[in-house]
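Notes follow once the structure below has been shown.
Since every read-out is calculated from the coordinates, none of them should be taken as a lab result. Everything quoted here is computed from the prediction, not taken from an experiment. Here the Cβ is made from the backbone with ideal geometry for all residues, glycine too, and neighbour counts use every protein chain on show.
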Amino acid sequence: MITLLSPAKSLDFETTPVTATCTEPRMLDEASALIEVLRGLAVSDIAGLMGISDDLAALNAQRYAGFSVPFTRRNAKQALLAFAGDVYQGMDAARRFDARDFTEAQKTVRILSGLYGVLRPLDLIQPYRLEMGTRLRTERGATLYQWWGDRIAEQLAVDLAASPGADVVVNLASEEYFGAVRPDALAARVIAPRFEDANARGRRSIVSFYAKRARGMMAGWMVRGRVRTPRALTEFDEAGYRYDRSSSTPDRPVFVRSFEDRPAPVG
């Protein structure tokens, strides 16, 4: 069983990693080829392509220019510890994982990336920004989906064959990133948990901020608990979420949190 996550725009390359164990991304040649394409873009082109400010575009142009191989612990950081967005704050691997948990995550968690394709948690990455939905023209087409083609699905198939448990993918990634998997090319059952929060009137909806945190919480809970069967997913109960059998299907388990169990606003 493999769990899929999206990457994060927010990065942390300042904090010292809690583990020295690291691996090299397996699609680094593909990433290097994409970097060469990105290096050919002007700052204004990057800003327009990604819909970001000129300052942020300039920062990313510097990142592309500074990209260099081989990756080492001096110029790169493990993906699971470098990504710092809501999903990864919910997972909180730096504080909640021990050495065995990192080993388990390396077997069962995969991070989809516009630049690196498929990352294992301990794969080293260098700072970057390249969302999967970016319409970057390359020799393979006008989008990153065309660049990656079936390559991501093929790598995930290899990982599934080597992972513990049945041929099941637990999709905790966004639609943007899961679209690069090409599910038809992946011979596996896909389970996509849904996280809902109730308001004061009891009306339920997906609140993006909370749902992202919940995806990370579930991913971390699965690693720490060595969850390897779809049935065990229904036992997830972190941060007040509870499995709702009445609104769930086998491949779309729904977890609901009451208004009273939501965290109090900060400030």
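Here are some notes:
- Between the range 60-116 and the range 1-41, the alpha-carbon center distance in angstrom: 6 Å
- Per residue, the average separation of C-alpha pairs within less than 8 Å and at least 6 apart gives the range 2-261 a relative contact order of 22 percent.
- Fewest neighbouring Cβ atoms within 10 Å first, the residues Glu154, Glu196 line up as Glu154, Glu196.
- For Ala79, the shell of other residues with beta-carbons less than 9 Å away shows a net charge of +1, using +1 for Lys and Arg and -1 for Asp and Glu.
- Cα convex hull of the range 123-231 - mean projected area over all directions, nm²: 9.5 nm²
- Each of Glu14, Glu30, Glu36 has some number of other Cβ atoms within 10 Å of its Cβ, and from fewest to most they run Glu14, Glu36, Glu30.
- About the centre of its Cα atoms, the range 2-261 shows a dipole size close to 420 debye [charges on the beta carbon of Lys, Arg (+1) and Asp, Glu (-1) only; nearest 20 debye].
- Computed Kirkwood radius, in angstrom, where 1/r is averaged over Cα pairs of the range 29-176: 16.7 Å
- Principal axis dimensions, largest first and in whole angstrom, of the chain by Cα: 52, 45, 37
- Calculated mean residue ellipticity at 222 nm for the chain: -10000 deg cm²/dmol, from DSSP H runs with n ≥ 4 weighted as -39500 (n - 2.57), summed, divided by the residue count and rounded to 500.
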